[in-house]
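Each value in this text was obtained by applying a stated rule to the coordinates, not by laboratory testing. Note that this is a predicted model, so its numbers are computed, not measured. Here the Cβ is made from the backbone with ideal geometry for all residues, glycine too, and neighbour counts use every protein chain on show.
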Amino acid sequence: MSNQARKTHMLHTDWRDLPAEARGLVLALGNFDGVHRGHVHLLHAAHAARPDAKLGVLTFEPHPRSLFRPDDPNFRLSPSAQRAALLAAQGVDHVIEVPFNADFADLSAEQFIDLVLRQSLGAVHVACGADFAFGHRRGGNVAMLEARCTQVGIGLSIVPQLMDESGPISSSRIRRALQDGYPERAAALLGRPWSISGVVAQGDQRGRTIGFPTANIALGGYLEPARGVYAVWASLPDGRIVPAVANLGRRPTVANTLESRLEVHLFDFAGDLYGQTLEISLIAFLRAEKKFADFATLHQQIIADAEQARHLLAEPQQAAP
C-alpha cells in the first residue's frame, strides 16, 4: 500500500446514497483519532486481506464521546479534515464519515451490520480491533460481528492491537503524553510529530513591538497539551516548513484569558499570514507557562526561549517533518 495519497481518495459525510465507487470496499472500522501507528497497522491488515479491493475507512463525526459526554474538555487529536488527509496519506481511497447523532446511536448492532455495512456500503470485507463495539449501547461485539458477517458473506479481520514496551498504542496514551508535556513520546506513538492546523487570526500585536511577531491560532476542538513554550515547525500553505517557537496557553503575564491559544513566532520570516492555514508540529516542550513580574522580564525570557528553540531544531534528529 502506497504511503502517498491516492488521487481517487474521497471524503463522504454520510453513509446513505453513496456513489458506486464508494461501495464494495474493504473497510477499516473505528474512530481513527490521530491516525497513529496502531491505526496504520489496522489499515495494513485490511488492505492485506483484500488487496484487490479499494481501501476505505468507516469512522464517525463527531467522535461518539462528544455526544455521550458533551461537557468533557476538548480531546481531539485530529479533527475531521486533518484525519481525512492523514488517512489519504496512508493510501485510503474513501473515508465514510458517519454523522454520529442520537438517531444513529439508536441503531441496533444488527441494523449497523445490515443497513450500514451490507446494504448501504456493500462492504466486501471489514477489519477492526478486538475491542470494537457498535450499535445501541455498544450492544455489538466482534463475536457477533463475526457471526453475522459470515451469514451475509462479508469477510472479517480481527486485528490485534499494535504494542510497544509500554503496552497497546492508543489515542489515550498519546493524549496523556501531550498533556504531560512530552510531545516526543506522542510523536513516537503517532509515527510523526503531533500537529495543530488552524487559521491565523488577528491578535493584540504586542509581540511585534518587541521584535517577536506571532501568528495566533485558536485551538478549536483540539486537545489542549501542557501549557507552556515549545520548539515547533510551521508548515505554510506554499509548502515551506519554517522553524519556530510557540507559546501555548493563557498568557498570564499580559492577559490571563480563560481560553488558551497558540502563538507562533516564525524564525527569519517576513510576510502576512493573516487568514492563512498553518500546521504547527510540536517538537519539544521547553518550559511550563509562568507569570512573570513584568513585561521586561517576560521579554528576556522570550529571547532565551527563541534561542533554545533555534538550537534544538538545528539538531539533525529534529529535522523538519
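Remarks
- Sequence-distant residues sharing a close amide H with Phe60 (under 5 Å, placed H): Val98
- Added length on full extension, which subtracts the Cα-Cα distance from 0.36 nm per residue, Tyr274 to Gln179: 31.4 nm
- 5 Å-binned pair-distance histogram of segment 92-151 (Cα, whole percent): 4, 17, 29, 29, 17, 5, 0
- Sites Gln300 and Arg250 - FRET efficiency at Förster radius 25 Å, r taken between beta-carbons, to 0.05: 0.75
- Peptides 312-321, 85-94, 221-230 ranked from most to least packed give 85-94, 221-230, 312-321, packing being the mean of other C-beta atoms within 10 angstrom over each peptide's residues.
- Computed over the chain with a Gaussian network model linking Cα atoms closer than 10 Å, the most mobile of Ala28, Ala215, Ala288 is Ala288.
- Point-to-point label distance, Ala143-Arg240, nm (Cα→Cβ direction, 7 Å offset): 6.0
- Taking amide hydrogens as placed 1.01 Å from N in the peptide plane, the amide H of Trp233 sits under 5 Å from those of Ser281, Ile283, each at least 5 positions away in sequence or on another chain.
- In this Cβ point-charge picture (+1 for Lys and Arg, -1 for Asp and Glu), segment 10-164 has a dipole of about 200 debye about its Cα centre.
- Leading residue at positive end of dipole, segment 184-315 (Cβ point charges), from Ala201, Gln300, Gly191: Gln300
- Farthest toward positive dipole pole in the chain [+1 Lys/Arg, -1 Asp/Glu at C-beta], among Pro62, Ala46, Ala81: Ala46
- Debye-sum result for segment 130-229 in log10 I(q)/I(0), which assumes one identical scatterer on each alpha carbon, at q = 0.13, 0.22, 0.23 Å⁻¹: -0.74, -1.13, -1.16
- Note on segment 184-315: Cα-Cα pairs beyond 21 Å make up 35% of the total pair count.
- Pairs of alpha carbons in the chain separated by more than 33 Å make up 32% of all such pairs.
- Rounded to the nearest 5, the antiparallel percentage of DSSP beta bridges internal to the chain is 60%.
- Spread over its residues, the convex hull of the C-alpha atoms of segment 10-164 is 108 Å³ per residue.
- Residues with amide H under 5 Å from that of Leu162, placed H, sequence gap 5 or more: Ile169
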